Amino acid sequence: MAMFLIRRLGHGILVLWLISIAVFALFFVAPSNVAQTLAGRQATPETIALIKHRLGLDLPVWKQYLDFLGNAVRGNLGYDYYHQVPVTHIIGQALPITVSLALGAAVLWLALGIFNGVISATHPRSLADRGLTLFSLFFYSFPSFLLGLLLLYFLYFRLTLSGFSWFPAGGYSPITGGIGPWFQHLLLPWVALALLLAATYTRLTRGSMLDVLGEDYIRTARSKGIRESRVVVRHGLRSALTPVVTQFGIDLGQLIGGVVVIETVFSLPGLGQTAVVAINQQDLPVIIGIVLFASAAVVVANLLVDIAYAVLDPRVRLH
Amino acid sequence: MTAAIEMVDVIDEPQVIEGRSPFALALRRLRKDKVAMISLAVIVLIVLMAIFAPVFAAVTGHPPNEQYRDIGLTPDGLPRGPNGTFWLGTDDLGRDILVRIAYGARISLLVGVIATVITVVIGVVLGLAAGFLGGITDTLLARLIDVVLSVPFLLVAIALVSVTGPSLTVTVLVIGCFSWASVARIVRGQVLSLREREFVEAARSLGAGDSRIMFVDILPNVIAPVIVYTTLLIPVVIVTQATLSFLGLGLPPPTADWGGMISESQNYYTTAWWFILFPGLALLITTLAFNLFGDGVRDAFDPRADRT
């Protein structure tokens, strides 16, 4: 187990290192006019050169990269071009928003996906099964921005017009400012994200439940006279959840790295929206910082999934 | 004696036991799947709409990028709702939404198909190579797959497009170059077990080289999961393209594409519901049809799907 963890950790670091090179290369191959933008339209070439020098952009690319890497290893991801704020600070401010969004949505989509999956699996080929499959595929097919805009249209705009201003038009209210406003601001984004993701979980739960319910030990449990609901939940669902755990780890890892579209639609200044703003401003340190952080989230999530596997299923040995 | 004659009769009788390939069986199951067939019909309709987009322009008399600022906009300069002249209404510049939806279908389908083909070709070739050749090739490719799968795709896609400037080629390449890893992983996993099978050994003892074994002997055996994955990938690609457009990184205006139209409609959704509704519906119906069809294809290729 320890060896396995060390090797996987090594792989993860290797992956992150390769990504850092790729992202760095990407932005240095492209023509950058960030110094020009900062200096303004009337700037003299001297001013632009001065700004370039101050940002370290006049150094050779490999030198810039090594400086960046050296600092990154020590936990310093550099400073943003516009306000000289540490990138780690920017990530630290955006992260709670993205985490609130991802975790809240996760509760909803797990509940929805697993519940629907169990209903489908215990009544295969029934009307309920087909209906639920159609329901989940319907939302799975939705482009996230469209679903977000529709929710805003009906539940914010229409409702507010009718005199029920239950939902805000967007934005974020930190949990420190009261749990009520925090909840109110996040409910629509949660619902949108959960509806988009639940389909995968319905399908996974259904498929793996169908497999498990055909096992001998389920028949044994039934023949002992255990209530059907108990058989399904305690004996069946528990072992059917392994693929769900895998998918959950992957999805959560990706979401923590930034929920670009939903954050944009609902004006939530999380990691995704921060990254989009940085990309539009060519704010290189912020872009690289967030991309690396997001990749790290995926790498860590994958590692946790492997460990969870071993804990959940004693047959799995990690080498 | 009679028994012998009867036996001869039995032997002479043409025994019609047709051998059916798994592919033919899958196709038969798919044809019986009503939902999949209806979805296929919808897909065909959308393809026809894309091909005959100029017909929409000719019948309505409105070219896709023509701005009717006089008859297409209200005196306040707002989009006009559906009426006899503009069947699905106009957008913020007084352009015919119906005609633009028809032209937008071209972009969605074109990107959907081309990017998917690129994805699948890269994924299959690298997956085959990694799984079959093993050794250092496999180690390197497996790391590459890890890297691509760990990259926050949409962020990097946005970054890339913002650096290179939006165009159809960039969109297709970005999607193709970042989506192949999951295909490669599926193919690699299958090949790892297939290469140990007897038929590979047989091929080798007959003198077949690596590339022949990979593409002639092994490839047909991984084609089913690849087909399933491909049909389910097309709607994902279409949504990705629309998402890039929505974020302002689609095709340069005035090209009509669905994501871009929805993005333009954002400021008008309180006053002009048709402006967001119809392009949104077009996009949703397309992805839903592809997903339902892909779901049918998956069930058709999965023999276990028949059991209850």
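No value in this document is a laboratory result; all are computed from the given coordinates. All values derive from a computational prediction rather than experimental measurement. Methodologically, a virtual Cβ is constructed for each residue, glycine included, from the backbone with ideal geometry; neighbour enumeration extends over all protein chains shown.
Need one word for chain A: rounded, prolate or oblate. Basis is the Cα gyration tensor (sqrt eigenvalues a ≥ b ≥ c); a/c below 1.5 gives rounded, then a/b vs b/c decides. It is oblate, given that a/c is not under 1.5 and a/b is not larger than b/c. For the options A:His83, A:His53, A:His185, a Gaussian network treatment of chain A with springs between C-alpha atoms closer than 10 Å singles out A:His83 as fluctuating the most. Taking chain A as a Gaussian network, where each spring joins two C-alpha atoms under 10 Å apart, which residue of A:Gln273, A:Gln84, A:Gln282 fluctuates the most? Judging by the Gaussian network model, the answer is A:Gln84. 3J(HN,Hα) couplings calculated from phi for the stretch B:142-155 with the Karplus curve 6.51 cos²θ - 1.76 cosθ + 1.60 (θ = phi - 60°) are, in sequence order, 4, 5, 4, 4, 4, 4, 5, 6, 8, 6, x, 4, 5, 4 Hz; Gly and Pro show x. Relative to the longest principal axis of the Cα atoms of chain A, helix A:271-280 runs at roughly 40 degrees.
Taking other C-beta atoms within 10 angstrom as a stand-in for reagent exposure, A:Thr44, B:Thr286 fall in the order A:Thr44, B:Thr286, fewest first.
Exposure proxy shown here: for B:Ser245, A:Ser20, the number of other Cβ atoms within 10 Å sets the order, fewest to most, as A:Ser20, B:Ser245. Comparing A:Tyr81, A:Tyr153, A:Tyr309 in a Gaussian network model of chain A, where Cα atoms under 10 Å apart are tied by springs, the biggest mean-square fluctuation is seen for A:Tyr153. In this structure, the amide hydrogen of A:Tyr79, modeled 1.01 Å from its nitrogen in the peptide plane, lies closer than 5 angstrom to those of A:Val87, counting only residues at least 5 positions away or on a different chain. The distance linking the stretch B:173-223 with the stretch A:171-215 is 38 Å (Cα centroid to Cα centroid, whole angstrom). Comparing B:Phe293, B:Gln241, A:Val291 along the charge dipole axis of the protein assembly as shown, the residue lying farthest to the positive side is A:Val291, per the Cβ-charge model.
The angle between the Cα long axis of helix B:34-51 and the main principal axis of chain B comes to about 50°, on a 0 to 90 degree scale. Couplings 3J(HN,Hα) of the stretch B:266-276, computed from phi: 3, 7, 10, 5, 7, 10, 10, 4, 5, 5, 8 Hz, in residue order, whole Hz [Karplus 6.51 cos²θ - 1.76 cosθ + 1.60, θ = phi - 60°; x for Gly and Pro]. Mean sequence separation of contacting Cα pairs (under 8 Å, at least six apart), scaled by the length of chain A, corresponds to a relative contact order of 24 percent.
Please work out whether chain B counts as rounded, prolate or oblate from its C-alpha gyration tensor, where a ≥ b ≥ c are the square roots of the eigenvalues and a/c under 1.5 means rounded, while otherwise a/b larger than b/c means prolate and anything else oblate? Here chain B falls in the oblate category. In this structure, the amide hydrogen of B:Tyr68, modeled 1.01 Å from its nitrogen in the peptide plane, lies closer than 5 angstrom to those of B:Arg95, counting only residues at least 5 positions away or on a different chain. Apply the a/c threshold of 1.5 to the C-alpha gyration tensor of the stretch B:75-183 and tell me whether it is rounded, prolate or oblate. Note, shape of the stretch B:75-183 comes out prolate. When the inverse distances between all different Cα atoms of the protein assembly as shown are averaged and flipped, the Kirkwood radius reads 27.4 angstrom. Relative to the first principal axis of the alpha-carbon coordinates of chain B, what is the inclination of helix B:219-246, with its axis defined by its Cα atoms, in degrees from 0 to 90 and to the nearest 10? With both axes taken from Cα atoms, the answer is about 10 degrees.
For chain B, the Cβ-based charge dipole about the Cα centre amounts to some 420 debye (Lys, Arg positive; Asp, Glu negative; other atoms uncharged). Placing +1 on the Cβ of every Lys and Arg and -1 on the Cβ of every Asp and Glu, with no other charges, gives the protein assembly as shown a dipole of roughly 1160 debye about its Cα centre.
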